[in-house]
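Asker: Below is a structure I'd like to ask you about.
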Amino acid sequence: MSLRFPVTIFLSAFLLFQVQPLMGRYILPWFGGTPAVWGVCLLFFQCVLLAGYAYAHLLGSLKDVRKQALVHIGLLAASLLLLPIAPNAAWKPDSSSMPAARILLLLLVSVGGPYFILSSTTPLLQRWYSLTGTGKAGWRLYALSNFGSFLALFSYPFLMEPYARLRTQSWIWSGLYVAFAAVCAYTAWQARETPLAEPRPEESVAPEPRPSPLTVVFWLALAATASTLLIATTNLITQDIVGAPFLWILPLSIYLLSFILTFESDRWYRRMLFAILAGVFAPVAAAATGAGALLPIWGEASIYLAALFAACMVCHGELRLARPGPRYLTAFYLTVSAGGVLGGMFVALIAPQVFREFTEYPLGLTAACVLGLVGWMRSGAYAQWTRGNFGVRIPLMAMIFGALGAASLAALPGSVKGVQTVVRNFFGILWVVERHDVAGDFRQLTHGRIKHGSQYKGQLHTQPTSYFGPRGGAGLVMNALTMPNRNVAIIGLGAGTMAAWGRPGDTFRFYEINPAVEVLANTWFTYLKDSHAKIKIALGDARIQMERELQSGSHADFDLIVVDAFSSDSIPMHLLTSECADIYKQRLKPGGMLLMHISNRTLNLEPVVRGIAGHLGWRAAQFLSSGYPAGGEDSSRWILITPRPEFLREAGIENLVSGWSPAEPLLWTDDFASLWHILMW
């Protein structure tokens, strides 16, 4: 095999998957840091991949290889005009409406052209290789392509992201793309002069049969199921930790690893083994989605990833076993890519509109087991079953059990008791539940594992609760701010609990990215209506809204900025960077302060907030509260950053300040934010 084929395919695959976390990292802060941003990014890349495969299929269908080569060289040259890749800041959203459509258009304009060319490379070059006289489809080139993608994914968080700014990353990628274009053009130029292999006598007598419609549907379903599970698993993991390339890459790497193993050779996909694994993990993982906080996050994530690997091995293993010969190679790729798009559309666009919970996840697990059964039956397993072959009966029974178990859990209502309403949209799933404790009945707003506020009924309805009670940092600081007509900004609305601290003459401005939260806060809770302060709500990402308010002339207008923006346990990293801290500073009056809520189960954000304090040159003070169940208060962790060190002494709360952990301060920037240093293993 000529080196030009594997080198070109490897480089194209590397760039194909190196650009995905790069672009996701670029635009994540523009859309609130929500995990759904990555899901829509994956959908875009799958759609362009489908377009690239369709182009490769159509171009490869031309009988004149010289014409194929010249067309492709022309498109390679044209794609160079779209470099360097970098999204334009003008695409930052003005509001929270239609974020998915805006992300798709942004990516199309920013990287669509080069990504389209990269997407077409593997099937097109594999097609050319099959026509050079070997008569082979070059399936190992496909495995090499996935290996290049695998290396790209792992190199990004460990080699690229920690050491290069985003702008530098885009230039490095663009430079590598120029090198790829040159190598690919050379390969195409050489291919144009290669005479097509003459059909062998036996091929002219018995040509390769065209895949049946049922076979094509089988390919499509397998690819769609694997894609569904990839994006659904990513959503489940990132909503409880943080939306960042490191955690995006884990599920995507497992997805690609299954492709590599199954298409490298027949020895890796053992039907019996993976049938049993899929049958066991499917109901277990489906049950884990309803277990909530009963499971530790890393234990829950491990279950999801194990189930993803088993299910993807089944889907991709059956794809390899059902693959066609060289003649229908590009049609196979095109169908597989179309299945990926269907799965991505189902999770990113359809499921949030149809399901109130993450029902697409157990449905995907069910489909994987069912399709595994279909694959076995296509290979004649039914006859072996009837003859009592336990080597067949055991794995088939396992997949039947897995399919029925996952399907049953998908059909069951959520495990949350006392549910009053459930709202799901692009930003996640919100629950309003009614509960009872020692102080009485109350309503609670939750998102994933995290409370977004609670409110008692009856006489205690004006009492601030959860993380915002009088014993926590929020209550201590609000009571200490004694000036009249306070102007306070709160990033994160929740149930509106912070409004309970409003006094006559105060103005509280809430920044909330999820429009459903505003509806729920006004419908099911009364904090906003009962507040003595004047309440304003700005919908959209807080940082973008504050930037635009600065541009319109709003400066030094807040006495206090409270940062309490959580998406489940996932934190929007762009609200904790030095650049964002500078925005906060410009919005604060002289002597104004910054109060940050950093309660978190998986991340120790204390070093990051101390880094912000060091960047601003202000004093930081930490307030830890163990909670007060009799008053509905939860344990909390708040850090106050103030330019006036004397404030704590004058307010009489200096003796309530807690000490720091041994960790050194860590300054995040828009170009660098490392999770490794703050993970609570």
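Asker: Being surrounded by fewer than 20 Cβ atoms within 10 Å (Cβ to Cβ), modelled with pLDDT of 95 or more and of a type in the set (S, T, N, Q) is true for just one of Thr523, Thr497. Which residue is that? Steps first, please.
Answerer: Values: Thr497 fails: surrounded by fewer than 20 Cβ atoms within 10 Å (Cβ to Cβ).
Only one candidate passes the filter, namely Thr523.
Asker: Could you pull out every one of the helices (runs of 4 or more DSSP H) wholly within the range 289-381 that has 1 or more residues that are of a type in the set (Gly, Ala, Ser) and in contact with a strand residue (DSSP E or B) (Cβ under 9 Å, 6 or more places away or on another chain)? Step through it out loud before you land on a result.
Answerer: Values: elements: 297-321, 329-345, 351-354, 360-378.
Per the criteria, 351-354.
Asker: Mind listing whichever residues of the range 469-521 are assigned to a helix (DSSP H, G or I) and of a type in the set (Val, Ile, Thr)? Give the steps one after another, and end with the answer.
Answerer: Here is the first cut: in the range 469-521, the residues assigned to a helix (DSSP H, G or I) are 473-480, 497-501, 515-521.
Answer for the range 469-521, where residues must be assigned to a helix (DSSP H, G or I) and of a type in the set (Val, Ile, Thr): Val477, Thr497, Val517, Val519.
Asker: Quick one: is Asp671 surrounded by fewer than 21 Cβ atoms within 10 Å (Cβ to Cβ) and either touching a residue at least 40 places away in the same chain (Cβ under 8 Å) or more than 30 Å from Leu159 (Cα to Cα) (or both)?
Answerer: Values: surrounded by fewer than 21 Cβ atoms within 10 Å (Cβ to Cβ): yes; either touching a residue at least 40 places away in the same chain (Cβ under 8 Å) or more than 30 Å from Leu159 (Cα to Cα) (or both): yes.
In short, yes.
Asker: With modelled with pLDDT of 90 or more and farther than 18 Å from Thr359 by Cα as the only criterion, which of Phe246, Phe259, Phe218 stands out?
Answerer: Just a single option satisfies the conditions, and that option is Phe218.
Asker: Then there's this: All but one of (1) outside any helix (DSSP H, G or I); (2) at pLDDT 85 or above; (3) within 30 Å of Trp431 (Cα to Cα) hold for Ile241, so report the exception by its number.
Answerer: (2)
Asker: Filter the range 85-131 down to the residues that are among the polar types (S, T, N, Q) and surrounded by fewer than 19 Cβ atoms within 10 Å (Cβ to Cβ), then identify the one that is modelled with the highest pLDDT. Spell out how you get there, then give the answer.
Answerer: Taking the range 85-131 as the starting set, the residues that turn out to be among the polar types (S, T, N, Q) are 88, 95-97, 110, 119-122, 126, 130.
Within this subset, residues satisfying the condition of being surrounded by fewer than 19 Cβ atoms within 10 Å (Cβ to Cβ) are 88, 95, 97.
Values: Asn88: 85, Ser95: 66, Ser97: 67.
Ranking the qualifying residues of the range 85-131, first place goes to Asn88.
Asker: Here's a follow-up. If you go through the range 92-125, how many residues are under 20 Å from the mean Cα position of the chain (by Cα) and β-branched (Val, Ile, Thr)?
Answerer: Residues flagged as under 20 Å from the mean Cα position of the chain (by Cα) and β-branched (Val, Ile, Thr) within the range 92-125 amount to 2.
Asker: So, one more: I'd like the residue in the range 600-649 that is of a type in the set (Ser, Thr, Tyr) and crowded, with 21+ Cβ neighbours inside 10 Å and, out of all such residues, is farthest from Ile450 (Cα to Cα).
Answerer: Of all residues in the range 600-649, those of a type in the set (Ser, Thr, Tyr) come to 602, 625-626, 628, 635-636, 642.
Checking the rest, the ones that are also crowded, with 21+ Cβ neighbours inside 10 Å come to 625, 636, 642.
Numbers: Ser625: 17, Ser636: 12, Thr642: 27 Å.
Checking each candidate, the answer is Thr642.
The values are calculated or read from the model by the stated rules, or taken from the named source; none is laboratory data. All of these numbers come straight from a predicted model, not from anything done at the bench. Ideal geometry is used to build each Cβ from the backbone, glycine not excepted, and the neighbour counts take in all protein chains shown.
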